[in-house]
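Participant: Structure incoming, see below.
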Amino acid sequence: MKKSMIVVDDFSPDALSIRDTVVAEGFGTEKGPDGLDYTGINQHQFPQLIALLEKAVERKVLPRLSCFRLNLAGENPHSWIHSDDICAKYASVLYLNLPGQCQGGTAFWTHTGLGIDRMPSAEDLKRAGYSESWFCTMMKREWNDLTFWKQNSFVGMKFNRFITYPTSLFHSRFPFDPFGTSAVDGRLIWVCFYDVIE
């Protein structure tokens, strides 16, 4: 991809009907690639969204995980700040809350102690003199402690706004606590983890 982050407004002409479909179908709990349970999952697949993703990144893509995610007020994430590099090389988010519901967005972070904004590779850690086990233990302790992090960029939520970025980037929804009490007014996104076919 030419850019590390792409933002597209008015992404899908079908955004409202897609939203209505998944809200009507409902949401369940699924196990993620990290072995943890994730609530508010709808796995309805809309091929037109993948076609629009390919148009945005100007490449053919291989989706690895694609679903809709609903989060309600009081449902805190497993980790506030995290990376998703175990899923694929790239992540994308399509915001599906109606204009009057939109709150917050997606924040990107730098670890202040290490001065890094993304998950380092094993080679990067070795060059810096850190073991992988030390790094993982440290991050598990610090994911949910904002004293170790500085926000470096933010993309605000907007109905039918699409963003895509490398999964290695440290990021989070922000604020961490979502909103709403049901599928009708809760935080709703489509997320797709994918690799690019060169």
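Participant: Any aspartates and glutamates with Cα under 19 Å of the residue 31 Cα? List them, leaving off those in the same chain fewer than 8 positions away.
Facilitator: 75, 84, 85
Participant: Listed highest first by mean packing, meaning other Cβ atoms within 10 Å per residue, what order do 158-164, 34-40 come in?
Facilitator: 158-164, 34-40
Participant: What is the percent carbon and sulfur in the accessible area of the stretch 114-198, measuring with a 1.4 Å probe over the protein chains and ignoring ligands?
Facilitator: 56 percent
Participant: Could you derive backbone 3J(HN,Hα) for the stretch 190-195 from the dihedral phi with the Karplus parameters 6.51, -1.76 and 1.60 (θ = phi - 60°), listing whole Hz in sequence and x where the residue is Gly or Pro?
Facilitator: 9, 10, 9, 9, 8, 10
Participant: On to the next question. Assuming a viscosity of 0.890 mPa s and a temperature of 25 °C, what translational diffusion coefficient in µm² per second does Stokes-Einstein assign to the chain, Rh being the Kirkwood radius over Cα pairs?
Facilitator: 140 µm²/s
Participant: Extension gain residue 24-residue 152, at 0.36 nm per residue separation less the Cα-Cα distance, in nm?
Facilitator: 42.4 nm
Participant: Given the C-alpha centroids of the stretch 1-70 and the stretch 87-132, what is the distance between them in whole angstrom?
Facilitator: 18 Å
Participant: Right, next: How much FRET efficiency would the formula 1/(1 + (r/R0)^6) give for residue 185 and residue 5, where r is the Cβ-Cβ distance and R0 is 25 Å, rounded to 0.05?
Facilitator: 0.35
Participant: May I pose another question? How large is the accessible surface of residue 131 in square angstrom, using a 1.4 angstrom probe and rounding to the nearest 10?
Facilitator: Near enough 60 Å² of accessible area.
The values are calculated or read from the model by the stated rules, or taken from the named source; none is laboratory data. The structure displayed is predicted, hence computed values, not measured ones. Using ideal geometry, Cβ is built from the backbone for each residue, glycine included, and neighbour counts are taken over all protein chains shown. Only protein heavy atoms, including side chains, enter the accessible area calculation; ligands, DNA and RNA are left aside. Shrake-Rupley method; radii C 1.70, N 1.55, O 1.52, S 1.80 Å.
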